1. Working out 0.36 nm times the residue gap between Asp198 and Ala26, then minus their Cα-Cα distance, what length gain in nm do you get to one decimal?
2. Given the DSSP H assignment, sum -39500 (n - 2.57) over each helix run of at least 4 residues in the chain and divide by its residue total; what's the result at 222 nm in deg cm²/dmol, nearest 500?
3. Of the options Ser62, Leu46, Leu89, report the single residue whose Cα projects farthest towards the positive end of the charge dipole of segment 17-231 (beta-carbon charges: Lys, Arg +1; Asp, Glu -1).
4. DSSP H helices in the chain with Cα extent of 27 Å or more along the helix axis and mean Kyte-Doolittle hydropathy at least 0.0?
5. Could you list which residues have their amide H under 5 Å from that of Ala74, counting only those 5 or more apart in sequence or on another chain, with H placed in the peptide plane?
6. For Phe17, list long-range residues whose amide hydrogen, built 1.01 Å from N in the peptide plane, is under 5 Å from its own amide hydrogen.
7. Would you calculate the separation in nanometres between label points at Ser138 and Asn86, each defined as 7 Å from the Cα along the Cα-to-beta-carbon direction?
8. In what order do Trp157, Trp194, Trp201 fall by count of nearby beta-carbon atoms within 10 Å, going from fewest to most?
Amino acid sequence: MPLKTPTQPGLRERLSFVVRCVRDEAELAKAVSIRRSAYGRHVPELAARFAAPEPSDLDGSSRVLVALSKLDGAPLGSMRFRTNQNHPLDLEHSVRLPGELSDRVLAEATRLAVTQAAEGRVVKAMLMKSMFLYCEASGVDCMVVTARHPMDRFYNWLLFEDVFPEGGFIPMAHVGMIPHRVMSCDLIATKRRWLECDHPWYSLFFRTQHPDIELAPAAAVGAGHDHDRDEETHLSLAES
């Protein structure tokens, strides 16, 4: 049976920033700049590698989310994601997913980066909410991530589970062979678990409308843009 949840009509919040898929090269440059800055703080050996757009940013295989300040347009956060519907996931270059995931529609979140300022926690929450809403709207079954320590604690808190419980931290080619945990969440099951355990982000994600999250399709910023035409409709962010 579909999950039925109580609703709170009219719960609506405005943010001091907008979250959207990058629309042009200027916005992609801002996403790359916050990525380079954040990785420079936490994984300095990768900062130079992330100083310019990567092929996955440009070839149309992925979407790049960026959070931009309403005050001055400064980048506050970014995240990239790709589904396995047309291209392998980045993590699949390093591991073979188990059978229970191999025949499902997956979306992988990568390159999560946020500002060091106080609003960074809110930016991170809204980037993750954008990802959840996109997945719900587009028929994704599960979200998967790779997480280094201590970032893996954040995904534990979101109730992600280990894909390889006995594997521990596995070197990942798309992040310089740094060991990461491979973690996943079934969207329907996780939403139900959040409701049952009164997770702090349940209302934020699924009962509150944030008009400043704009999940309209990204504009082409590279020659290989190939997003599906059936995604041309703006994705509604209202609680269904």
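Each value in this text was obtained by applying a stated rule to the coordinates, not by laboratory testing. Since we're looking at a predicted model, the values are computed, not measured. Quick reminder, even Gly has a Cβ in these numbers, built from the backbone with ideal geometry, and neighbours come from all protein chains shown.
1. On the way: separation 172, 0.36 × 172 = 61.92 nm, distance 3.99 nm.
Difference between extended and current length: 57.9 nm.
2. Working: 7 runs with 66 residues, N = 240.
Taking each H run of at least 4 residues, the total per residue is -8000 deg cm²/dmol.
3. Positive-end residue among those listed: Leu46.
4. Numbers: long enough: none.
Within the chain not a single helix satisfies the rule.
5. Answer set, sorted by chain and number: Ser69.
6. Answer set, sorted by chain and number: Lys70.
7. 0.9 nm
8. Numbers: Trp157 11, Trp194 20, Trp201 14.
Placing the least packed residue first, the sequence is Trp157, Trp201, Trp194.
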